[in-house]
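Input: a single structure, listed below in structure tokens.
The values are calculated or read from the model by the stated rules, or taken from the named source; none is laboratory data. This structure is a prediction, so every number in the text was calculated from the model and none was measured. Here the Cβ positions follow ideal geometry from the backbone for every residue, glycine too, while neighbour counts run over all protein chains shown. For the accessible areas, the whole protein counts, side chains as well, though only heavy atoms, and no ligand, DNA or RNA atoms are used. Shrake-Rupley method; radii C 1.70, N 1.55, O 1.52, S 1.80 Å.
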Protein chains: 2
Amino acid sequence: MPKIRLAMVQTNPVVGAIDQNVTGILARVREAADAGANLIVFGEMCVTGYPIEDLATRRSFVEASEQAVERLAALIHTAIPEELAVVVGHPTLAQAPSGWAIAHNSASVLIGGKVAHRYHKHHLPNYSVFDEYRNFVAGNDLLSFQFKGQNVSVVICEDIWQEGGPVAAIRSKNTDLTLVLNGSPFESDKDDRRLALIRKLALSQQTKVAYTNLVGGQDDLVFDGDSLFVDKNLNVVGRASQFEEDMLIVDVSETSTLVSDHRVTRSDDNWQVWNALVLGLRDYVVKNGFKSVVLGLSGGIDSAVVATLASDAIGAANVYGVSMPSRYSSVHSMGDAELLAQNLGCDYQTIPIESLVAAFEESLELSPIAAENLQARMRGVILMAESNTHGHLTLTTGNKSELAVGYSTIYGDSVGGFAPIKDVEKSLVWELARWRNSWAEAQGQKPPIPENSISKPPSAELRPDQTDQDSLPEYDVLDAILDRYVEKRQSSVEIIQAGYDAKIVEKVINLVDRAEWKRRQGAIGPKITGMAFGRDRRLPITNKHKG
Amino acid sequence: MPKIRLAMVQTNPVVGAIDQNVTGILARVREAADAGANLIVFGEMCVTGYPIEDLATRRSFVEASEQAVERLAALIHTAIPEELAVVVGHPTLAQAPSGWAIAHNSASVLIGGKVAHRYHKHHLPNYSVFDEYRNFVAGNDLLSFQFKGQNVSVVICEDIWQEGGPVAAIRSKNTDLTLVLNGSPFESDKDDRRLALIRKLALSQQTKVAYTNLVGGQDDLVFDGDSLFVDKNLNVVGRASQFEEDMLIVDVSETSTLVSDHRVTRSDDNWQVWNALVLGLRDYVVKNGFKSVVLGLSGGIDSAVVATLASDAIGAANVYGVSMPSRYSSVHSMGDAELLAQNLGCDYQTIPIESLVAAFEESLELSPIAAENLQARMRGVILMAESNTHGHLTLTTGNKSELAVGYSTIYGDSVGGFAPIKDVEKSLVWELARWRNSWAEAQGQKPPIPENSISKPPSAELRPDQTDQDSLPEYDVLDAILDRYVEKRQSSVEIIQAGYDAKIVEKVINLVDRAEWKRRQGAIGPKITGMAFGRDRRLPITNKHKG
């Protein structure tokens, strides 16, 4: 009996760059065929990139996607003599549009130069960061087809996260192999949840499961790849790389065998988060046509971590650090900033803001809070001037804890097109800094982040001897309350009952609610938790609800 | 036979202010009862305000809403001896939550101190600005009940905008009167579309229809009221005020009679748009606890219109205008700004930016574009300093055409918490200015907006002799292309086929796509069209699609 040699290809498509994505797919199909693969599966919406959001409601875009798939089918057939089945994801026009939504989220099986089979995603995620019920029309029927004597079924991503629907029919089709096309964004610990779902599917439907994910950053999402093949005994036969393009090849039979050289176990947590942040930043820079980034280096931990992430993402030679001391900046801060830049090997310049602040103080009567904000805004103006003059992308260095309580100056330290650690709470910023230094040591490299930036008490340095804890609780307490209020959606009553001080809880909640307008105007940045600020958490600005 | 005297009450609830909203409802119930009403109906989600967005996923919030309704039922029963039925909208916990969504969007009929009947909205809008499928669980069954010998049915808003569902059962229940609770935001011409739907419902289901809407601004939405009663012959028996709280009272019988003093015809288009903008601005200010606003007055048309809107919204005494001339500001511009302030009677001060710009130019090497942006940013810093020092809300004055093509400086003229004309295209800004001046004249008042601000060529005045048309097409052409690309979602091919110059079309589309990151960081402002920038139009920033 002829065998299926399956190639699971995780590509990094660019949203909207249909031609470029198709060219990439064709190249990987050739590669897979050269390795003897005859069934080649890609991730969800690999033709258009994902998520396409309201592009799905533009008829011309959906039509262009469909035409590209037909072109791809013909190109594969012309280029490769062997009999291949190639499965790709893309939008298609729905027969019964809903008015707003006109398209399906589909998978097409390309055989013999044509679209031989097509599947439309049934379960449309419309929670968290997803708006698929908004933008797609649901399909209803499972796709099952015979290939090389085996029964193959096809479903898409959310279909295996919900009960019922086409997935429930997989077993009744005597499916040998189920292909799941995914656009599943990274979150901490999501790898374990995915594997559990895949095993549940394999067990309940008595099928082998090939779970193929996208990889790459798209705005606030990072697709981590980590594609998995699980056999009927629930064993992980192989898992593809995380955070990079890859191809996993498996000979599919009763005892499926890994052909390519791949691991079967998951990666370390901090390694995963660090690399998610690096990839999210790199792809935002590259896919938006930037070549370099600029950021303020204060000597503090946040800017140190962001500068290190940026150096890992695009190379230190493309990172421009600016120290912008005021009268309140301590000597050690400036020293820490300079040391960081030396360790990384990035560009470093100093532009004092004293004379700029003075010019404003001559023109305006300022309250104390206005005077503090003014310093942060002078720095914002400098960074944007550097960006406008040299074409750098400006990075803003706020962390999730600060964003939560509004501990930042809008149009000041918040300026920038991308916020690499906006979903990283302060406690985790420290942990990642220590992890990155240890990792460097383990590689025989010099730890990049100055010990002093990690160990000193955090301060905005906008007035004499200021520390963050003048106005905020200790970060471990703050982060614990934020986790309950924001991520777990607990009420103030529940949080207080869990043992936290009532006054602190109410203060924190009040700060979070009042900062909504600032967060709305903030830069996007990579989501790494179950509840990121942004489209993951949609709350009114005008909102009198307490607790 | 006892008669139904129906009071349709359009209140202006504040999102999250449950106690305050309930107090308001109780007061209006007393008023209605004093006027002899026995059936009293309010708008959708009148208890919590609308839309509550992800607050619907906070269990404590939904529970508090349900408890408030039970309290309200008891309070009405205690306070008012007559037999009343009061219909209010609010969220309730669903028996079968979907995981993310835990609540229904419900209407409760309060009789005899209890919730006598309850309805759960069936059609959950999840397009345009709405995310109801995200946040609510759909109900399935129509509510019909007998009151004063008549059959009354209850549905909610979107239920009458879609085919099928509970609405289709209204006729089979021999319904005399259908109550529709609405949270229907204003758009130009939406009044005509609503009336057509109401008449379609009255005709197909052979029922009188009482369409009760909310009123008030909530973030980017303006609920315009304009509640309508339509009889079985499809006549408008009465329609409530637009843009203010009101109560429409009708004796419901075969020949329904208007009891309160109300119009039956619709209002003038420009009057509607102007008042929508005024209400949206006023409610953002008031509901967020501001007392005053600050804005830059350049002498141009946009800031003139925004200052006039602000004066109409909260009184000129609470409007602070700042003229911030640079070396490129013309004498006539400063004169026009001052004249506007005099006409309105608002505060006016001048803060030149020359010395501030000079201080930066000494510290930094600036490219020409950076030097232009720097001026706008100096103004932004001044406005935010005024805001921080005096507690004013900063208004940003960008119009929809500028926002579309990114013709603004981020962190410069874009600073502010609210953008009153962000959904008003430039052509309409001029039209509204002329309309407002004529309206003043018709009232025997002095037209507020200087003729010169309306008639002169628009200019950002960031370099010598600059006009907008140096880098943009004429605004009538620009607005026509934007209408096709943004609102009608046409492709570049379609727009060019309609007769527009290909180079201009491609330039405009490219500008629109590239400005997405700036729009994402922009202030919210009232939606008045079918496609506003913001949650109405969700597109990726990273997006290589052309046309």
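Quick test for you: out of B:333, B:414, pick the one residue that is over 23 Å from the mean Cα position of the chain (by Cα), among the small types (Gly, Ala, Ser) and within 29 Å of residue B:515 (Cα to Cα).
The match here is B:333.
On the basis of being open to solvent by 10 Å² or more (accessible area, probe 1.4 Å) and at pLDDT 95 or above, does residue B:316 make the cut?
yes
Looking at (1) touching a helix residue (DSSP H, G or I) at 6+ places or on another chain (Cβ under 6 Å); (2) within 21 Å of residue A:89 (Cβ to Cβ), which is the only condition residue A:223 fails?
It is condition (1) that residue A:223 fails.
What strands (runs of 3 or more DSSP E) lie completely within region B:183-266 and have 2 or more residues being under 20 Å from residue B:153 (Cα atoms)?
Once the strands (runs of 3 or more DSSP E) in region B:183-266 are filtered for at least 2 residues that are under 20 Å from residue B:153 (Cα atoms), what remains is B:208-213, B:228-230, B:236-239, B:246-252.
Of all residues being in a loop (DSSP other than H, G, I, E, B) and over 23 Å from residue B:184 (Cα atoms) in region B:103-132, which is most open to solvent (accessible area, probe 1.4 Å)? Just the residue, please.
B:112
Tell me, which residue of region A:85-96 that is within 18 Å of residue A:48 (Cβ to Cβ) and either open to solvent by 70 Å² or more (accessible area, probe 1.4 Å) or without any contact (Cβ under 8 Å) to a residue 40 or more places away in the chain (or both) is nearest to the chain's Cα centre (by Cα)?
Of everything passing the filter in region A:85-96, A:92 is nearest to the chain's Cα centre (by Cα).
Yes or no: residue A:457 surrounded by fewer than 20 Cβ atoms within 10 Å (Cβ to Cβ), of a type outside the set (Asp, Glu) and either within 11 Å of another protein chain (Cβ to nearest Cβ) or in contact (Cβ under 8 Å) with a residue 24 or more places away in the chain (or both)?
No: the conditions fail for residue A:457.
In region B:186-218, what count of residues is obtained for those that are open to solvent by 10 Å² or more (accessible area, probe 1.4 Å), within 14 Å of the chain's Cα centre (by Cα) and within 14 Å of chain A (Cβ to nearest Cβ)?
Matching residues across region B:186-218 total 0.
Could you check, for region A:257-266, whether at least one of its residues is touching a residue at least 24 places away in the same chain (Cβ under 8 Å) and open to solvent by less than 10 Å² (accessible area, probe 1.4 Å)?
no
Does at least one position in region A:481-504 carry a residue that is open to solvent by 20 Å² or more (accessible area, probe 1.4 Å), more than 9 Å from chain B (Cβ to nearest Cβ) and within 18 Å of residue A:408 (Cβ to Cβ)?
no
Name the single residue that is farthest from the chain's Cα centre (by Cα) among those in region B:341-372 being of a type outside the set (A, V, I, L, M, F, W, C), under 18 Å from residue B:300 (Cα atoms) and facing chain A (nearest Cβ under 9 Å).
Within region B:341-372, the match that is farthest from the chain's Cα centre (by Cα) is B:352.
Starting from residues that are among the acidic types (Asp, Glu) and within 29 Å of residue B:538 (Cα to Cα), keep the ones in region A:505-528 and report whichever is most open to solvent (accessible area, probe 1.4 Å).
Result: A:513.
Just to be sure I understand the filter: pairs with C-beta atoms under 9 Å, separated by 6 or more residues or on different chains, first member in region B:321-341 and touching a residue at least 60 places away in the same chain (Cβ under 8 Å) and of a type outside the set (Phe, Trp, Tyr), second member surrounded by fewer than 19 Cβ atoms within 10 Å (Cβ to Cβ) and assigned to a loop (DSSP other than H, G, I, E, B). Which pairs pass?
B:326/B:352; B:329/B:352; B:332/B:456; B:333/B:456; B:336/B:456
For region A:143-165, give me each residue that is open to solvent by less than 30 Å² (accessible area, probe 1.4 Å) and hydrophobic (A, V, I, L, M, F, W, C).
A:143, A:145, A:147, A:152, A:154, A:155, A:156, A:157, A:160
I'm trying to understand the selection: among the residues of region B:384-402, which are within 10 Å of chain A (Cβ to nearest Cβ), of a type in the set (Gly, Ala, Ser) and assigned to a helix (DSSP H, G or I)?
B:385, B:387 - these are the residues of region B:384-402 that are within 10 Å of chain A (Cβ to nearest Cβ), of a type in the set (Gly, Ala, Ser) and assigned to a helix (DSSP H, G or I).
Mind counting the residues in region A:52-84 that are closer than 30 Å to residue A:221 by Cα, open to solvent by less than 30 Å² (accessible area, probe 1.4 Å) and away from every other protein chain (no Cβ under 14 Å)?
3
Read through the list (1) within 30 Å of residue B:193 (Cβ to Cβ); (2) free of Cβ contacts under 8 Å to residues at least 40 places away in the same chain; (3) basic (Lys, Arg), then give the number of the only condition that residue B:537 fails.
Of everything listed in (1) within 30 Å of residue B:193 (Cβ to Cβ); (2) free of Cβ contacts under 8 Å to residues at least 40 places away in the same chain; (3) basic (Lys, Arg), residue B:537 misses just condition (2).
Is one or more of the residues making up region A:166-175 open to solvent by less than 10 Å² (accessible area, probe 1.4 Å) and closer than 25 Å to residue A:255 by Cβ?
Within region A:166-175, one or more residues are open to solvent by less than 10 Å² (accessible area, probe 1.4 Å) and closer than 25 Å to residue A:255 by Cβ.
For region B:222-234, give me each residue that is surrounded by fewer than 24 Cβ atoms within 10 Å (Cβ to Cβ) and in contact (Cβ under 8 Å) with a residue 24 or more places away in the chain.
B:231, B:232, B:234
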